[in-house]
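Coordinate-derived values only; no laboratory data. Here the structure is a predicted model, which means the values were calculated and not measured. Reconstructed Cβ throughout: ideal geometry from the backbone, glycine too, with neighbour counts over all protein chains shown.
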Amino acid sequence: MPTMRDRFATVTSRLLDEDPRLALVLADISADRFTTAAAAHPDRVLNVGIREQLMVSVAGGLALTGLRPVVHTFASFLVERAFEQIKLDLNHQDVAAVLVSAMGSYDLPEGGRTHQSPGDVALLDTLPGWTVHIPGHPDEAEALLRDAVAADGRVYVRLSEQRNTAAQPVTPGRFTVVREGSAGTVVAVGPMLDAVLAAVSGLDVTVLYAATVRPFDAAALRAAVAAGPADVVLVEPYLAGTSVPFAAEALERLPHRLLGLGVARPELRRYGTMADHLAAHGLDPRSLRERIAAFLPLPV
């Protein structure tokens, strides 16, 4: 079954054919997926080798010439390793690019800590002006990627090996109401939706789906809590609590309670599988049900 990363390669190759302002910058990762595109557009498909900082700096230079660079590698290399270049060569120069990551928080556990990046979104939150998309399905990844390429701003698209069974009808920048209830609101981000829906089965809660987390859809959250208690649980596939300040700001005029669930701060020093990591961080359906019910509170 094609992954989000597979869809990214297919769609980006097509967009390179269609849009002469588009450029792609790689650092070896996924280069084998773009051999045909590189042969067709050698001046706009650049592989700098294992030099992730240079990759982002090259993207900044391309943006200064008027091109729309797409920059791709694993999240730990793209955001954490090259953060200074993102800060200076993109933000400080006030130019734009589309950063597309893969492997997220623990999608490649056998790669060890060097290939894990649960703090990437929180790190980008220290910089202004970033749109952040967290698709939960390859169809959503394509829609959000196309929107990002057509836009002019700085965009981060976080792809994952974890995915939901079905795509949602996402609108960039908007949360989707998946179901309505009266005892609280759960915001499921990207690939966490299936686990959240399994966790709240039979519980009287509203579920919002977020495939875009920045900007944070404050209006949708306020609308969701308008008819009931402003008790909100955020379930994110990266560092726990990353979006809590944004939800708190959205609800600042209302008495509210917030619980941020996600990847815990202590490092897991065993490889295991992605499912093992989900369970260890309390992000499997059984653990989520217990934590959500205890917070709202609801019968388990």
- Query: For segment 21-158, what class follows from the C-alpha gyration tensor (a ≥ b ≥ c being the square roots of its eigenvalues): rounded when a/c is under 1.5, otherwise prolate if a/b is larger than b/c, else oblate?
  - Reply: rounded
- Task: Give the shape of segment 236-299 as rounded, prolate or oblate, defined through the alpha-carbon gyration tensor: a ≥ b ≥ c are the square roots of its eigenvalues, a/c under 1.5 means rounded, and otherwise the shape is prolate if a/b is larger than b/c and oblate if not.
- Result: oblate
- Note on the structure: The size of the Cβ-based charge dipole (Lys, Arg +1; Asp, Glu -1) of the chain about the Cα centre, to the nearest 20 debye, is 280 debye
- Towards the positive end of the charge dipole of segment 38-167, with charges on Cβ (+1 Lys, Arg; -1 Asp, Glu), say which of ALA141, VAL48, LEU90 has the farthest Cα. VAL48
- Query: What net charge do the residues around ASP194 carry, taking every other residue with its C-beta under 15 Å from that of ASP194, with Lys and Arg at +1 and Asp and Glu at -1?
  - Reply: -1
- Non-local amide H neighbours of THR73 (under 5 Å, H modeled in plane, Pro and chain starts lacking H): which ones? VAL100, ALA102
- Query: Label ALA166 and ALA226 with points 7 Å out from Cα along Cα→Cβ: what is the distance between them in nm?
  - Reply: 2.6 nm
- Message: Let me make sure I get this right: for segment 189-277, a, b and c are the square roots of the gyration tensor eigenvalues over alpha carbons, sorted descending. Under 1.5 in a/c it's rounded, otherwise prolate if a/b > b/c, else oblate. Which is it?
- Response: prolate
- Residues with amide H under 5 Å of ASP231's amide H, sequence separation 5 or more or different chain, H placed in the peptide plane at 1.01 Å from N; which? THR185, ARG257
- Query: Out of these labelled values of mean projected area of the Cα convex hull in nm², (i) 14.7; (ii) 16.0; (iii) 31.9, which was calculated from the coordinates shown here?
  - Reply: (i)
- Message: I want to check the label-to-label distance for ASP6 and THR126. Put each point 7 Å from Cα in the C-beta direction and report it in nm to one decimal.
- Response: 3.7 nm
- Could you tally the net charge around ARG154, taking each other residue with its Cβ under 15 Å from the Cβ of ARG154, Lys/Arg +1 and Asp/Glu -1? -2
- Message: Report for the chain the percent antiparallel among DSSP-assigned beta bridges with both residues inside it, nearest 5.
- Response: 10 percent
- Query: What FRET efficiency would be calculated for the residue pair ASP19, LEU64, taking the C-beta separation as r and a Förster radius of 25 Å, to the nearest 0.05?
  - Reply: 0.85
- FRET efficiency, 1/(1 + (r/R0)^6) with R0 30 Å, evaluated for LYS87 and ALA279 via beta carbons: 0.30
